[in-house]
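Peer 1: The structure that follows is given in the form of structure tokens.
Since every read-out is calculated from the coordinates, none of them should be taken as a lab result. Everything quoted here is computed from the prediction, not taken from an experiment. Reconstructed Cβ throughout: ideal geometry from the backbone, glycine too, with neighbour counts over all protein chains shown.
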Amino acid sequence: MSLPLLFPAKTGSGEEGGLPPPLKWAGGKRWLVPYLNEIYGLHRHRTLVEPFVGGMAVTLGLLPEKARLNDANPHLINFYRWVQRGLVVDIPLANDKNLYYTHRKRFNDLIREGLWATKEAAELFYYLNRTGYNGLCRFNKKGEFNVPFGKYKTITYRRDFRDYQPLFARFELTALDFRQVSLEPEDFVYADPPYDVEFTKYAPDGFSWQDQVDLAELLSSHPGPVVISNQATKRIVDLYKGLGYELRFLAAPRRISCDGNRQPALEVLALRNI
């Protein structure tokens, strides 16, 4: 598939001087913020809605006055909710294999005991995210976190997240299926679903092709501005074209997958009502 690049290359995260994303996140869109800033700049009076907030790089880059941020991963949203309360991490933090598997077992014990929404669970989720392999967040069919120990030489941990509190006070946080996310007619929606690739197990139920179709169809009927980002596979491009989205293409700086593949990938932005 040969497609034109309709965006020139850009550098920089678009969030200089701001707060960095607190988590590592496979497939994060920090590199995309300069492009999105050009679009969102026309709509800053609108509430930003992200149905797939992930590592929050886009929200922290765009710095909206109001945002409704959602993710199907309840453990991710639990961490953000504790950051919203002024999280200070008390558990041991070290780039140590034995500690990692001890903390991973404790985190999974909390999940089994129904204590996944606790402060301790939020602390453990942060530690596992920063220390686990390749920034992955992966769960097995039992809902247990199963990412192995990472291979980092050094890791910088943050214990005090109170600097994030004033910004997070602007955010409404939910852990819902994207179909259940509340949308107002004037909202600006940025959707970054899992890429149309084999690895989609960011949540226990994964993300299917039907989910891709449902999302594209749902947002095609939204009267406010919409931007969807995805890998530009042929069927994704055909889907978005068929629903009347304006398509823009750009080269992603890298792709992060479950096997650490970092080959460049062609990205598509699907736009409506911009």
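Peer 1: Suppose R0 equals 41 Å; then what is the FRET efficiency for LYS141 and ASN273 from their Cβ-Cβ distance, rounded to the nearest 0.05?
Peer 2: So the FRET efficiency works out to roughly 0.60.
Peer 1: What are the membrane-span-like helices in the chain by this rule: whole DSSP H runs, Cα extent along the axis at least 27 Å, mean Kyte-Doolittle hydropathy at least -1.0?
Peer 2: Within the chain not a single helix satisfies the rule.
Peer 1: Note the full-extension length gain between ARG235 and GLU172 as 0.36 nm times their separation in residues minus their Cα-Cα distance, in nm to one decimal.
Peer 2: Details: separation 63, 0.36 × 63 = 22.68 nm, distance 3.31 nm.
Difference between extended and current length: 19.4 nm.
Peer 1: So for TYR127, TYR101, TYR133, fewest C-beta neighbours within 10 Å to most, what's the order?
Peer 2: Starting with the residue having the fewest Cβ neighbours, the order is TYR101, TYR133, TYR127.
Peer 1: As a check on your grasp of the helix formula, calculate [θ] at 222 nm for the chain: sum -39500 (n - 2.57) over DSSP H runs of n ≥ 4, divide by the residue count, round to the nearest 500.
Peer 2: -8500 deg cm²/dmol
Peer 1: Ok, one more. Grab the beta carbon distance between ASN98 and GLN165, set R0 = 41 Å, and tell me the FRET efficiency rounded to 0.05.
Peer 2: That pair, ASN98 with GLN165, gives E of 0.80.
Peer 1: Now for a separate question. Once a ≥ b ≥ c are taken as the square roots of the eigenvalues of the Cα gyration tensor of the range 79-214, is the result rounded (a/c under 1.5), prolate (a/b larger than b/c) or oblate (a/b not larger than b/c)?
Peer 2: oblate
Peer 1: Taking the Cα centre of the chain as origin, work out the dipole magnitude from +1 charges on Lys and Arg Cβ and -1 charges on Asp and Glu Cβ, in debye rounded to 20.
Peer 2: About 840 debye.
Peer 1: Also, I was wondering about something else. For the charge dipole of the chain, defined by +1 on Lys and Arg C-beta atoms and -1 on Asp and Glu C-beta atoms about the Cα centroid, which residue among TYR80, GLN180, ASN98 has the Cα displaced farthest towards the positive pole?
Peer 2: With unit charges placed on the Cβ atoms, the residue in question is ASN98.
Peer 1: Here is a further query. Evaluate the relative contact order of the chain (contact order divided by residue number), counting alpha-carbon pairs under 8 angstrom at least 6 apart; express in whole percent.
Peer 2: Reported relative contact order: 22 percent.
Peer 1: Farthest toward the dipole's positive end in the chain, which of PRO148, TRP25, ALA232, given Cβ charges of +1 (Lys, Arg) and -1 (Asp, Glu) about the Cα centre?
Peer 2: Positive-end residue among those listed: PRO148.
Peer 1: Most exposed first by the Cβ proxy, i.e. fewest other Cβ within 10 Å, how do ILE274, ILE77 rank?
Peer 2: So the ranking, lowest neighbour count to highest, is ILE274, ILE77.
Peer 1: Additional query: Return the tail of the calculated pair distribution for the range 10-95, meaning the percent of Cα-Cα pairs more than 20 Å apart.
Peer 2: That tail contains 37 percent of the Cα-Cα pairs.
Peer 1: With a cap of 13 neighbouring Cβ atoms within 10 Å, and only residues DSSP puts in a loop, list the chymotrypsin sites (Phe, Trp or Tyr not before Pro) found in the range 142-179.
Peer 2: Passing both the DSSP loop test and the Cβ count: TYR157.
Peer 1: Counting every Cα pair in the range 89-159, what percent are over 22 Å apart?
Peer 2: 13 percent
Peer 1: Another question about this same structure. Taking the simple approach of a point 7 Å from Cα along Cα-to-Cβ for both VAL88 and ASP109, what is their distance in nm?
Peer 2: Inter-label distance under the simple model: 2.5 nm.
Peer 1: Given an 8 Å cut-off on Cα distances and at least 6 residues of separation, report the relative contact order of the range 65-128 as a percent.
Peer 2: After rounding, I find 48 percent.
Peer 1: What's the exposure ranking of ASP211, ASP109, ASP160, going from fewest to most Cβ atoms within 10 Å? Spell out each step's value before the answer.
Peer 2: Values: ASP211 18, ASP109 13, ASP160 10.
So the ranking, lowest neighbour count to highest, is ASP160, ASP109, ASP211.
Peer 1: Taking Cα atoms of the chain, Rg/Rh with Kirkwood Rh, to two decimals?
Peer 2: 0.95
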